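A short write-up of the structure that comes next.
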Amino acid sequence: MEAYASLEQISTVLNCTPRWINRLVKEKGFPRASRGQYDIVKCVHWYIADLQKQIDEERKGTNKKDYEAEREKYKALREKFEFERDVIGSAISVDDHQARLEKIVVHINTKLEIIPSKAAVKFDLPQHVKKGLKELVDEIKNELSDYDKYRLRLENSSGSSVKSSRGGKKNAKPVRAKKKTGAKRVGK
């Protein structure tokens, strides 16, 4: 004897919503006799078998979505660990960093000093042009050597009301930082 039920009735029997039943029909092949009619015995057997299959997959650990999520989590943790190891392993002391920067500044200074002479030779410039280039290079070096004054001059010329990076007003005297001594490590 076959007993048929409507969508609402079968969802009540299986303790789920009609929308869930429709989704099972479309995605997993939930048995349906005809549109809106469901064989109660077949549906209950199918639903129990599907729940048992889900339980077996969870016990075996073969639930692919969970496995992929777990795999991505461990991959992200490994990448984070490797990044932190590389950053901490490459940390240098403040004094070493300052020494490197001083070498770079000396190199740049030397290259700036050479520009007027090289330009005069390459372009066959008169002495007064060479002297003018030398003055421009000296002016640039002076501006770069005292960045706070240069920044304040730029702010004043642009009419900006931007405050100093040290929290003072725009016309405040620049404060020079004291030279740090002693090796300090970054990280760890």
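Readers should treat all values here as calculations from the given coordinates under stated rules, not as data from a laboratory. As the structure is a prediction and not an experimental result, all values here were calculated from the model. For neighbour counting, all protein chains shown are included, and Cβ atoms are generated from backbone atoms with ideal geometry for every residue, glycine included.
The figures follow:
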read-out: Chain lengthening between Ala119 and Lys26 when straightened (0.36 nm per residue, less Cα-Cα); value: 25.6 nm
read-out: With eigenvalues of the C-alpha gyration tensor scaled by 5 and rooted, the stretch 1-48, Å; value: 14, 11, 11
read-out: The stretch 4-65 - percent relative contact order, Cα under 8 Å, separation 6 or more; value: 31
read-out: Rounded FRET efficiency, nearest 0.05, which uses the C-beta distance separating Ala76 from Ala49 and R0 of 41 Å; value: 0.65
read-out: Cα-based shape type of the stretch 102-148, given that a ≥ b ≥ c are square roots of the gyration tensor eigenvalues and the cut on a/c is 1.5; value: oblate
